[in-house]
1. More than 16 angstrom separation, counting every C-alpha pair in the stretch B:143-235; what % is that?
2. At a Förster distance of 35 Å, what's the computed FRET efficiency of B:GLU36 paired with B:ARG93, Cβ-Cβ distance as r, to 0.05?
3. Quick one: net charge of B:SER110's neighbours, Cβ under 15 Å, K/R +1, D/E -1?
4. Distances over 19 Å make up what percent of all Cα-Cα pairs in the stretch A:104-165?
5. Please identify the trypsin sites (Lys or Arg not before Pro) of the stretch B:149-225 that satisfy two criteria: DSSP loop assignment and at most 15 other Cβ atoms within 10 Å. Which are they?
6. Please list, short to long, the whole-number percent of alpha-carbon pairs of the stretch B:78-225 in consecutive 5 angstrom bins beginning at zero.
7. What are the extents of the Cα atoms of chain A along their three principal axes, in Å, largest first?
8. Extending each Cα 7 Å along its Cβ direction at A:THR213 and B:ALA106, get the distance between those two points in nm, one decimal.
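What follows is calculated from the coordinates using simple rules that are stated; it is not laboratory data. Treat the numbers as computed from the prediction; the structure is a model and nothing was measured. A quick note on method: Cβ atoms are made from the backbone with ideal geometry, for glycine too, and the neighbour counts reach across all protein chains shown.
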Amino acid sequence: MKILVAEDEPKIGVYLQQGLSEAGFSVDRVASGSEALQCALAESYDLLILDVMMPGLDGWEVLRRLRGAGQAVPVLFLTARDRIEDRVKGLELGADDYLVKPFAFAELLARVRTLLRRGQASAAPTRLQVADLEVDLLKRRASRGGQRIDLTAKEFALLELLLRRQGEVLPKSLIASQVWDMNFDSDTNVIEVAIRRLRAKIDDGFEPKLIHTVRGMGYLLDAPE
Amino acid sequence: MIRRLSLTTRLSLLFMLALTGVLLAVGLTFNLLSREHFVDLDRHALHEKLQASQRLLGSLRRADELPALRPQLHTLLGAHQDLRAQILAADGRVLFAEPSEAAIPARFRSQTHALWEWWEEGRLLRGMTAEVALAEPGQSLTLLLALDVTHHADFFSALQRWLWIALVVCALLSAGLGWLVARSGLRPLREVTQVAATVSARSLKERIPQAALPVELQPLVSSFNGMLERLDDAFVRLSNFSADIAHELRTPLTQLMTHTEVVLSRARSLEEYQDALYGNLEDLKRMARMIDDMLFLAKADNGLIVPERKPVALHELVEQLLDYYRWLAEEAGVELEQEGSGLIAGDAGMLRRALSNLLSNALRYTPAGGCIRVRIGAGV
């Protein structure tokens, strides 16, 4: 998966490139709008990450010209200004997502994966499996090592989210918004408690452990290699 | 062009136009009325002479008896030096003229009883004609009388000249006066402008004194003062906001700096560095959240957030929130309860945010075994 990052702030640009590369993407980095436009027109990328405020061409203008040239590549905007007009403008121009600085890198990563996944139309699986954990999405049933596990509706929703995005670090804000529809940051430890409960049912008494905490970033579900 | 004229100029011009217009109207009316009055006087004088002459001539039987009346006619018509008289026979012969060389244009002979006038060598004459029927049938005389009214015409042309002069003088004078009046009338406006010109961020507390101002300026000044008040309010809030941010951020920043410097002061193990970075990340996230919250508050304070007004089912909203906090409450040994239902017009997102803050605070301060109850009802 190839991503172009256009960010005029060199430190942020470098960190983004490093983070995304380490997450397994191939990343090109430019520091201005005109370079971004050139690269995006010359090569084919799976995703563009554009800073809105850049010298020369700003992010809006790059997007406008790209769409004008018939490029439908998904675009994620980064901005330090959070105004409703900006969001509306971005969406009108055909931006796919919009992230306000400062953002958690895990959040960015999660959104990048969502955008990239959107392109691939895959038949939604009805059964998911990791190691000896099996989940039937239709019957809403989970079992581990053949042993039936009773889950409440919310616990099941949480497990489903972790399973569908297996191997991805999911930030707490994303979990809160996907499972409970809470679209704002709060500093309560609701998600910690929820994960702890799920762990008690999924991982306690089983090996290997599947739910992992990534300190400071979030949680992921994965089988050890 | 007109738009760019100053108020003073505009007012003085209007003042001048109004005054000159009135004077012109008065002058013209006076002129017209006196002219009619003089014409009336002339008609009256002519009519009188005409009647007297008619009476005199009415005693005749035939036109050729006229010479017998000459002395009386001379006394009647010759005494007046501005008067000209002619008596004509039916065939147009001049039987009598006073003064003897007097000439009256022949075209007036048939215009009986109407007042006519003509100019002759710079003199204006006005006259009347009458037919006198004599006792014997078929015998008649035509009587023409004319008055020299040049002195009237002279009087009117003088009157008109003076009227124009007076108009010009009045226009100039009223323009000057108007300028003075407008200037002094607009003085309060200049004073207001002076105060307004001195307003700066430093003196937003200053207000334009309103008590001494004329009524017309009161609304302007009170809205200006209102604007100052709002500006001052916004300005104070803005400065407080920046001060708050600076202050609130100082603590976590100090924490971060101290921590980082201490960690770097000597070589440490990998785990210790990781711990330090995690610690920093926590602090940084707290700072980011702080900025978000403060910006949200600032926007809300300044009316930049426009809440939606849509019907929100409160019991569903509360149910969702209690669902979110249920496990946390279970861990804390606190019961969550909900009763009642209600529908209000509002912004679901903001309501959820506000209620969520309330609930998380309630959870933090409710001891184990306690109960948090959300009751929805009208007027509770």
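1. Cα-Cα pairs of the stretch B:143-235 separated by over 16 Å account for 71 percent.
2. Numbers: r = 37 Å, r/R0 = 1.05.
The formula returns an efficiency of 0.40 here.
3. Numbers: positive: B:ARG107, B:ARG109; negative: B:ASP91, B:GLU131.
After counting each charged neighbour, the total is 0.
4. Numbers: 779 of 1891 pairs.
Pairs farther apart than 19 Å: 41 percent.
5. B:LYS205
6. Percent of pairs per bin, in order: 2, 7, 11, 10, 8, 6, 5, 4, 4, 4, 4, 4, 4, 4, 5, 5, 5, 4, 3, 1, 1, 0, 0.
7. Ordered largest first, chain A gives principal extents of 60, 35, 29 Å.
8. A separation of 14.0 nm, rounded to one decimal place.
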